[in-house]
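Working notes, beginning with the structure itself.
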Amino acid sequence: MHEIGLMQSALDAVARVAREHNLERVGRIVLRVGLLSGAAPEALQFAFDALRAGTVAADATLEIEIVPARFQCQICKAEFELAQFEFDCAQCGGQLALRSGSTELVLATVEGEGPAEPPNLAGAEQAGVFTGPHAHS
């Protein structure tokens, strides 16, 4: 289950963002996951729930956005953008072939609370980016 390592890297990146922007706690995290990343969203959520205790993200919610991949039917040539693997064409039943997709695993958003004044989170978008199914930052 490589999702534990991926989520640990994500939480390390969240901690860096929180430090850089003087956040006392993080309330919301958005993780963008490419369909071809090899990471299962349910396993990422499980890993998040297991690892977040005692971190700045202990009370945060995790939102996982799936980045779809493009498939094309080998018979009718119809193209589809899908957020899950499909093997049969919805139009003719032919076999689908992968055209393009993403292996990204990106920390897209970190929202939290800091001291008296809210911090400027402009630089937090996509901070701590890590890509590929086994990449760790």
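The values are calculated or read from the model by the stated rules, or taken from the named source; none is laboratory data. As the structure is a computational prediction, the values presented were derived from the model and not from experiment. A quick note on method: Cβ atoms are made from the backbone with ideal geometry, for glycine too, and the neighbour counts reach across all protein chains shown.
Of all the listed residues (LEU62, LEU82, LEU35), the sole one being closer than 18 Å to GLY112 by Cα and either in contact with a helix residue (DSSP H, G or I) (Cβ under 6 Å, 6 or more places away or on another chain) or modelled with pLDDT under 95 (or both) is LEU62. Here the condition is being crowded, with 21+ Cβ neighbours inside 10 Å and in contact with a strand residue (DSSP E or B) (Cβ under 8 Å, 6 or more places away or on another chain); of VAL14, VAL30, VAL67, it holds for VAL14 alone. Here VAL30, VAL56, VAL26, VAL17 are screened, and the one residue that is out of contact with any Cys (no Cβ under 6 Å at 6 or more places or on another chain) and in a loop (DSSP other than H, G, I, E, B) is VAL56. Checking each residue in region 58-100 for being closer than 30 Å to LEU23 by Cα and out of contact with any Ser or Thr (no Cβ under 9 Å at 6 or more places or on another chain) picks out ALA58, ASP59, ALA60, THR61, LEU62, ILE64, GLU65, ILE66.
Is it the case that some residue within region 26-48 is over 16 Å from the mean Cα position of the chain (by Cα) and over 16 Å from ALA108 (Cα atoms)? Within region 26-48 (the criterion being over 16 Å from the mean Cα position of the chain (by Cα) and over 16 Å from ALA108 (Cα atoms)), the answer is no, since none of the residues qualifies. If you go through region 1-47 and pick out every residue that is free of Cβ contacts under 8 Å to residues at least 24 places away in the same chain and either among the small types (Gly, Ala, Ser) or over 29 Å from SER100 (Cβ atoms) (or both), you end up with 1. Scanning region 73-90 for residues that are within 23 Å of SER37 (Cα to Cα) and either part of a loop (DSSP other than H, G, I, E, B) or under 25 Å from the mean Cα position of the chain (by Cα) (or both) yields GLU79, PHE80, GLU81, LEU82, ALA83, GLN84, PHE85, GLU86, PHE87, CYS89.
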